[in-house]
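Since the structure comes first, as structure tokens, the remarks are kept for the end.
Every read-out reported here was derived from the displayed coordinates using simple, explicitly stated rules and does not represent laboratory data. Not measured: the values here are computed from a predicted model. Neighbour counts run over all protein chains shown; Cβ positions are idealised from the backbone, glycine included.
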Amino acid sequence: MIEKIFRECLKEVLNDIIDNNVTFELPTGSRRADIHVQRTSGDDFAAARRNGKWQDVDFLESYFSGY
């Protein structure tokens, strides 16, 4: 039961990070740690794709952007 709750919470956090561009601060205690994404689009996306990044991403479905 607790595993299912943990998985659902983790899924919600990751979806919120990706969909709403939020930064999630991890509860690590003394050190500061966070999870965030940075959107790459335009010329930067094209250059990264030419160099081999996101080869498995359909660029039409992703609106020419990657995370």
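Below is a table of values for the structure above.
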quantity	calculated
Length gained when the stretch ARG49-LEU10 is fully extended (0.36 nm per residue, less Cα-Cα span)	11.1 nm
The chain - charge dipole about Cα centre, Lys and Arg +1 at Cβ, Asp and Glu -1, debye rounded to 20	260
At 0.890 mPa s and 25 °C, Stokes D of the chain from Kirkwood alpha-carbon radius, µm² per second	174
Computed [θ] at 222 nm, helices only, for the chain once each DSSP H run of length n ≥ 4 contributes -39500 (n - 2.57)	-13500 deg cm²/dmol
Net +/- balance of residues flanking VAL13 in space, Cβ distance below 13 Å, scoring K and R +1, D and E -1	-4
In degrees, nearest ten, helix 2-20 long axis to first principal axis of the chain (Cα)	40
